[in-house]
Amino acid sequence: MTRYDAHQEVEVSFVLNGKKVRGRCTPRVHLADFLRHKIHATGTHVGCEHGVCGACTVLVNGAAARSCLLYAVQVDGAEVTTIEGLKPDDAEFSPLQTAFHEHFALQCGFCTPGILMSATDFIRNTPNPTAEQVREMLSGHLCRCTGYEPIVRAILAAARSSAS
Ligand code: FES
Ligand code: FES
């Protein structure tokens with residue numbers, strides 16, 4: 001296991017949304033802060049900073065993860081996807097983002113990047129979800145605006161369109 005000096009900056013590099021990025025930080029900097037303050041990828045939001053609200057969710061090697069609970073050094077060499085990398089290059093939005101737009105599944109949008117990242121992983125692993133399964137997945141995310149129902153409808157619609 002690598003041993004770090006808490007006060008000594010180290011180099012961190014990983015693939016972010018298909019492009020190699022690198023930066024220096026102390027080992028105690030969490031991934032969300034590294035993304036926002038070192039890489040200036042500010043689409044990932046930070047709410048509670050202790051793993052509860054889900055706002056900071058990103059994909060690490062394809063799996064949803066709380067970037068406030070990961071140190072940046074833990075993703076050295078990994079593939080990280082954030083909201084900035086969700087849409088295909090040749091489209092304005094991903095199908096999931098389009099479904100959120102069409103179903104009015106966001107208001108202030110603070111929770112939205114994290115929910116979209118979790119939902120991306122969820123639909124990949126649960127191609128034909130029930131509303132109950134979507135609600136269970138959403139139990140890891142706090143949204144103060146929408147009442148969740150439009151979000152459930154949007155995720156179900158996106159899952160249906162990617163299955164067809
Ligand atoms: S900021 Fe990471 S879960 Fe709330
Ligand atoms: S849309 Fe405002 S917190 Fe979810």
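If packing is taken as the average number of other Cβ atoms within 10 Å across a peptide's residues, how do 30-41, 78-89, 3-14 rank, most packed first?
In decreasing order of mean packing, 30-41, 78-89, 3-14 become 30-41, 78-89, 3-14.
Taking only protein heavy atoms and a 1.4 Å probe, what accessible area per residue, in Å², does the chain have with all protein chains in place?
Per residue, the chain has an accessible area of 55 Å².
Of CYS56, ALA157, LEU86, which is farthest on the positive side of the dipole of the chain, counting Cα position, with +1 on Lys and Arg Cβ, -1 on Asp and Glu Cβ, and the Cα centre as origin?
CYS56
Run the helix sum for the chain: -39,500 (n - 2.57) per DSSP H stretch of 4+ residues, divided by residue count, reported at 222 nm to the nearest 500 deg cm²/dmol.
The helix contribution divided over the chain gives -8500 deg cm²/dmol.
Taking H as built 1.01 Å from N, whose amide H comes closer than 5 Å to the amide H of GLY47, not counting residues under 5 places away?
Under 5 Å from the amide H of GLY47 lie the amide H atoms of ALA55, CYS56, each far enough along the sequence or on another chain.
Compute the signed sum of charges (Lys and Arg +1, Asp and Glu -1) over the other residues within less than 15 Å, Cβ to Cβ, of ALA32.
Within the 15 Å Cβ shell, the charges total +1.
Based on alpha-carbon centroids, what's the gap between segment 84-135 and segment 145-163 in Å, whole number please?
With segment 84-135 and segment 145-163 each reduced to a Cα centre, they are spaced 7 Å.
Show me the helices of the chain, taken as full DSSP H stretches, that run 18 Å or more along their long axis by Cα and average 0.0 or above in Kyte-Doolittle hydropathy.
112-125, 149-163
When the chain is treated as a GNM, springs tying every alpha-carbon pair under 10 Å, which of ALA63, ALA91, ALA99 comes out with the largest mean-square fluctuation?
Of ALA63, ALA91, ALA99, the Gaussian network model singles out ALA91 as fluctuating most.
What is the magnitude of the charge dipole of segment 10-83 about its Cα centre, with +1 placed on the Cβ of each Lys and Arg, -1 on the Cβ of each Asp and Glu, and no other charges, expressed in debye to the nearest 20?
180 debye
Roughly how much of THR146 is accessible, in Å² to the nearest 10, using a 1.4 Å probe?
My reading of the accessible area for THR146 is about 20 Å².
To the nearest 20 debye, what charge dipole does the chain have about its Cα centre, counting +1 at the Cβ of each Lys and Arg and -1 at the Cβ of each Asp and Glu?
About 160 debye.
Per residue of segment 16-23, in order, report the coupling 6.51 cos²θ - 1.76 cosθ + 1.60 (Karplus, θ = phi - 60°) as ³J(HN,Hα) in whole Hz, putting x for Gly and Pro.
For segment 16-23, the Karplus curve yields 10, 6, x, 10, 5, 10, 8, x Hz.
The values are calculated or read from the model by the stated rules, or taken from the named source; none is laboratory data. Fair warning: this is a prediction, and the values are worked out from it, not measured in the lab. For neighbour counting, all protein chains shown are included, and Cβ atoms are generated from backbone atoms with ideal geometry for every residue, glycine included. Note: areas computed on protein heavy atoms with side chains; ligands, DNA, RNA excluded. Shrake-Rupley method; radii C 1.70, N 1.55, O 1.52, S 1.80 Å.
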